[in-house]
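The values are calculated or read from the model by the stated rules, or taken from the named source; none is laboratory data. Computed from a predicted model, the values in this text were never measured in an experiment. Positions of Cβ are generated from backbone atoms using ideal geometry, with glycine treated the same way; all protein chains shown enter the neighbour counts.
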Amino acid sequence: MGIEERERKVYRPLRRAGLEVIPDAVPDGTMPFVAGYRPEDVVGGFSHGYETPRLVERLNEDWYDLAVSSGLLDARREFLVLLPRGTHTHQAVLRQRSRPYGRRAAPAVWTRVRLLDRWDVMGRGAASAFLGLRAGHPGFGMMALDGSVYLGCSTGENGVDAHAVAHPARSANVLRYLEWYAHRDAPLAERELRKRVADWLADRAPSRAEPA
């Protein structure tokens, strides 16, 4: 996808949701994605059933409270969000998201964004398909620029769940999952991501040997 096409099909819908994309500005050494965390890694979160009154409004309020309290936003209200690479249409993202859940490739690339004064992450953001299935049905991964917290949100059968994970790069559960992912048998389409995960693990290996 060219720059102009990505601007029109990806960045513009996100801007309407209040997220300004800052291209080519992901900090070096950012872990490729976060998965495999367990309850002991979670430091905050919220859940809402689909029957919740003012669902989108409540989701937005709780997302912002969690983003602020967990340290997702820096002083300029910037953070990272996972966006699919090479997606050409809204429908293409929906088809990808409709695949059965389970151990599968995470969205491929982190993108740096800034939260604007007027935003609607759980409404327009989720409806863009890049942050969910439709308004009130979000699904995304976000991380602080310094990697200090990961915020994941998913749409389930009965409602929406969000979790904040502190220092995911230090979590034994997350690291175990990434090791598994980097060395598993996987489709050709996942080889690039597997290599990036393996390279990230290799680059941080010396630090793991240092005394705490």
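Out of V10, V34, V21, one residue alone is closer than 18 Å to S148 by Cβ, surrounded by 15 or more Cβ atoms within 10 Å (Cβ to Cβ) and under 16 Å from the mean Cα position of the chain (by Cα). It is V34.
Scanning the stretch 127-138 for residues that are touching a helix residue (DSSP H, G or I) at 6+ places or on another chain (Cβ under 8 Å) and crowded, with 19+ Cβ neighbours inside 10 Å returns S128, A129, F130, L131, G132, G136, H137, P138.
The residue pairs whose first member lies in the stretch 161-172 and is surrounded by 15 or more Cβ atoms within 10 Å (Cβ to Cβ), whose second member is at pLDDT 95 or above and charged (D, E, K, R), and whose beta carbons are closer than 7 Å, counting only pairs six or more residues apart or on different chains, are V165/D41; S171/D41.
Is there a residue in the stretch 18-35 that is part of a helix (DSSP H, G or I), touching a Phe, Trp or Tyr at 6+ places or on another chain (Cβ under 9 Å) and of a type in the set (D, E, K, R)? Looking for residues that are part of a helix (DSSP H, G or I), touching a Phe, Trp or Tyr at 6+ places or on another chain (Cβ under 9 Å) and of a type in the set (D, E, K, R), one finds none in the stretch 18-35, hence no.
Rundown of residues vs (1) farther than 17 Å from P27 by Cβ; (2) among the polar types (S, T, N, Q); (3) out of contact with any Pro (no Cβ under 8 Å at 6 or more places or on another chain), yes/no style:
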position	(1), (2), (3)
L116	yes, no, yes
R124	yes, no, no
F130	yes, no, no
L133	yes, no, yes
G141	no, no, no
A144	no, no, yes
S148	no, yes, yes
L151	no, no, yes
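Within the stretch 45-64, is there a residue that is among the aliphatic types (A, V, I, L, M), in a strand (DSSP E or B), out of contact with any Phe, Trp or Tyr (no Cβ under 9 Å at 6 or more places or on another chain) and surrounded by 13 or more Cβ atoms within 10 Å (Cβ to Cβ)? Looking through the stretch 45-64, none of the residues is among the aliphatic types (A, V, I, L, M), in a strand (DSSP E or B), out of contact with any Phe, Trp or Tyr (no Cβ under 9 Å at 6 or more places or on another chain) and surrounded by 13 or more Cβ atoms within 10 Å (Cβ to Cβ).
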